[in-house]
C-alpha cells in the first residue's frame, strides 16, 4: 500500500474514474442508494464514501491530511478488490457490482 502522499493521490486518481459531476449525479439516483451494506443506518458505506470522495476530489493536494490519505487508500483498495470479482452470469451494466463500484467513484464500463 502506498505511503507517499503523491503516490496515494495518483493511485486514488487512477481508481476513481468518475468526475465529481458524474459521481454527484450518480449518488442522487435510486440505484446508488439501493446497493451496499447500511449496517442499519439507512445509508450504505459505499454511498457515504461516495460523498467523501467528492470532498477529496475537491481538496487541493497540499491541503490533504492524514485522514484524507487514509480514505484515499481505502477507496483504492476497495476498487482494486472489487474489480477482481466481477459477476459471472449477469449483465454488468445493471449489476449491483457495478453500482457498488460507482458509489466508490469507479465506473467499470468507462
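All of the numbers you see were taken from the coordinates with simple rules; none came from a lab. In this text, all values refer to a predicted model and were calculated from it rather than measured experimentally. With ideal geometry, Cβ positions are generated from the backbone for all residues, glycine too; neighbour counts draw on all protein chains shown.
General observations
- Helix 45-57 and the long axis of the chain differ in direction by around 40°, with both axes built from C-alpha atoms.
- Theoretical gain in end-to-end length, residue 85 to residue 5 [0.36 nm per residue, Cα-Cα removed]: 26.0 nm
- Distance between segment 53-68 and segment 5-34 - C-alpha centres, whole angstrom: 13
- Annotation for residue 13 and residue 57: the two label points, set 7 Å from Cα along the Cα-Cβ direction, are 1.4 nm apart.
- Against the main long axis of the alpha-carbon atoms of the chain, helix 5-15 sits at an angle near 20°.
- Cα radius of gyration and Dmax for segment 5-103 (Å): 13.6, 44
- Relative to the current alpha-carbon distance between residue 28 and residue 45, full extension at 0.36 nm per residue lengthens the span by 4.6 nm.
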